[in-house]
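Okay, so here's the structure we're looking at.
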Amino acid sequence: MRYRRFGHLDFEVSALGFGCMRLPTTGKPGKIDEPAAVEMIRWAIDHGVNYIDTAYPYHGGNSERLLGAALEDGYRDKVALATKMPIWMVEKADDFDRFFDEQCERLRTERIDFYLLHNLQAPTWPKIRDLGAIAWLEKARADGRIGPVGFSFHDRADVLKEILDYYSGWSLCQIQYNFVNEDVQAGTPGLEYAAGKGLAVVIMEPLFGGTLAAPPEPVQKIWDEAPGRPSPVDMALRWLWNKPEVSVVLSGMTTLEHVKQNVASASASGVGSMTQAELQLIARARDAYGALNPIPCTGCGYCVPCPNGVAIPDNFQLYNNAVVFKGSSRQLNRNLYNDMPAGKRAEACIQCGECEEKCPQKIAIGEWMPRVHEALARK
Ligand SMILES: NC(=O)c1ccc[n+]([C@@H]2O[C@H](COP(=O)([O-])OP(=O)(O)OC[C@H]3O[C@@H](n4cnc5c(N)ncnc54)[C@H](OP(=O)(O)O)[C@@H]3O)[C@@H](O)[C@H]2O)c1
Ligand code: SF4
Ligand code: SF4
């Protein structure tokens, strides 16, 4: 494993961090395949991963519980544990302690090493700021319940700058970033601004929610024809580690094989270690993607539940797949759409717009739904 600077803090972080939002499941909603997940997390730690990220809502609350179990038997002392305050559930100042205590109980710990406000955006930041989030973070830090503080973020670079400049006590921020998202959300300007202020920058969605791991045919062709047939996952991850501003790359790994591959990539990574030829290859892949994917949905799920029952990310995934993938895959996605209960399909959308302010990608969800239905419905 390679280790990197963590902003201005006296902590060497593993290049790869474990993101606990996409753990293996048994197929039932929220139900984690516990033996498999514990094995993966412990394998990663045994091979040098020292930063683990979770949050209150992941896997319906079970991610924190699972992690509490995985970090028994001496593993807790080997890692820096990060979790996040679910700011959208905080209604009054007392809620900060209530959620934090519940998280510590789930995680079987009395202290969170890095504590973040979850999913700051332009509409959510003033509310949580005015409810006293900073004062609460400072108190929790002073009495030893938490270590350095930060926030995860899904909005534009100018909003990131405003939040970073508001409070001098931030030590880390977590942003979505990957080679097809240089201009999306915080993007490269946000990454450079945060790192320039001395913050540790934690990267989430490095494979754009896994979509970069399974490229559509025109992109796959670019990888296949390149010398050495590079792995798209390895290239996407090493592109991030090539940048000095990046501290740790969180990967939401779903199988032990993913963990092994990504640990191997991290071990071969380094600032400035990519060749010009590799960087040019990535630029070609980026251009090829840009020409293909119509809806920039990452499947993060922040927009659900829809009050009208529409399974928003499922509809978008089927539409994107049907547009991007060719042949039998396109028909398969149409079939999957038509097999969904009618109330979950895009046709059930009444364009109320309620989901749109929750979408980190700022997708015009209500406008897309009739187009999704038109494209996928059985005629
Ligand atoms: N705070 C926030 O607002 C927020 C939002 C998003 C994420 N996060 C955090 O950031 C972490 C990382 O984000 P992410 O989970 O979206 O990461 P990601 O790396 O973009 O996507 C994870 C997916 O990539 C695929 N994958 C990973 N390694 C692979 C490999 N070696 N080969 C093939 N496929 C591979 C898997 O997809 P398949 O399962 O389809 O194979 C996996 O589920 C999350 O787990 C979470 O901890 C936080
Ligand atoms: S716009 Fe459509 S998908 Fe979004 S909340 Fe309203 S009904 Fe649901
Ligand atoms: S529509 Fe937006 S909020 Fe919903 S899953 Fe996609 S990216 Fe996330």
Rounded to one decimal in nm, the spacing of the 7 Å Cα→Cβ label points at K362 and D46 is 4.6 nm
GNM top mover of P307, P215, P296 - the chain, alpha-carbon springs below 10 Å: P307
C-alpha center-to-center spacing [the range 104-175, the range 233-277] in angstrom: 26 Å
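Is the range 1-121 best put as rounded, prolate or oblate by its Cα gyration tensor, with a ≥ b ≥ c the root eigenvalues, rounded for a/c under 1.5, and otherwise prolate when a/b is larger than b/c, oblate when not?
Oblate, since a/c reaches 1.5 and b/c is not below a/b.
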Partner lysines whose C-alpha sits under 29 Å from that of K92, ignoring same-chain residues fewer than 8 away, are K84, K127, K139, K161, K358, K362
Along each of its three principal axes, how wide is the spread of alpha-carbon positions in the range 267-313, in whole angstrom units, largest first? 50, 29, 11
Are there any GluC sites (Glu not before Pro) in the range 159-222 that are in a DSSP loop and have at most 13 other Cβ atoms within 10 Å? List them by number. E182
Semi-axis lengths (Å, descending) of the ellipsoid that matches the C-alpha gyration tensor of the range 312-376: 21, 13, 9
By the Kirkwood definition, with r running over pairs of different Cα atoms, the range 136-245 has a hydrodynamic radius in Å of 15.5 Å
Run a plain Debye calculation on the chain (Cα atoms as equal point scatterers, no solvent) and give log10 I(q)/I(0) at q = 0.09, 0.11 Å⁻¹, rounded to two decimals, same order as the q list. -0.52, -0.79
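Bear in mind these aren't lab numbers, they're just calculated from the coordinates by the rules spelled out. What you see is a predicted model, and the numbers here were worked out from it, not measured in a lab. Backbone-built Cβ (ideal geometry, glycine too); neighbour counts: all protein chains shown.
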